[in-house]
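Structure first, commentary second.
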């Protein structure tokens, strides 16, 4: 079976992980965001915010993990595999910080393309900061612009997911995929 890779993307705190969890609860195959794992592993080593102190190392670890998630879908026998963020997110965040990164980041974005990308917009009413999410809501809005720019530069047609309950958003995604 040719599994379609479906992205759920957007800035921090837009509800991506909540949607991935809801899709998974319905029996869909989902790949969870790995940045919290990378951040938590660094914190155990005494590095409070690896993304802030060593952005290239952090991004290389994310890139490696997201490429692995992409490859893991090759062995699946399902219609859809949903991803909480994709490979171009790594480049978008590096662009946001203004840090340089090697061409392998751009090559990874070109060589690992997803079939459909759903974009979640910043939503102040649900936004929360925590140990791993250090950005303010205003920073999340700026990051959103970098995400849109990055994905569009790799020719993605972003599908905006409307605000609504988790159930409404999941239904929107699944109904859109039926017609895609």
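The values are calculated or read from the model by the stated rules, or taken from the named source; none is laboratory data. In this text the structure is predicted, and so the values were computed from the model without any measurement. Note that we place each Cβ from the backbone using ideal geometry, even for glycine, and neighbour counts take in every protein chain shown.
Tabulated results
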{"read-out": "Of all residues making up segment 16-30, the number that are at pLDDT below 95 and buried (at least 21 other Cβ atoms within 10 Å of the Cβ)", "value": "1"}
{"read-out": "Considering residues of segment 1-13 that are crowded, with 24+ Cβ neighbours inside 10 Å and in contact with a strand residue (DSSP E or B) (Cβ under 7 Å, 6 or more places away or on another chain) only, the residue modelled with the lowest pLDDT", "value": "10"}
{"read-out": "Residue within segment 119-126 that is in contact with a helix residue (DSSP H, G or I) (Cβ under 9 Å, 6 or more places away or on another chain), within 24 Å of residue 174 (Cα to Cα) and at pLDDT below 85 present", "value": "yes"}
{"read-out": "Residue within segment 36-53 that is touching a strand residue (DSSP E or B) at 6+ places or on another chain (Cβ under 7 Å) and either surrounded by fewer than 18 Cβ atoms within 10 Å (Cβ to Cβ) or modelled with pLDDT of 95 or more (or both) present", "value": "no"}
{"read-out": "Subset of segment 61-84 (residues that are at pLDDT below 95 and within 10 Å of the chain's Cα centre (by Cα))", "value": "66"}
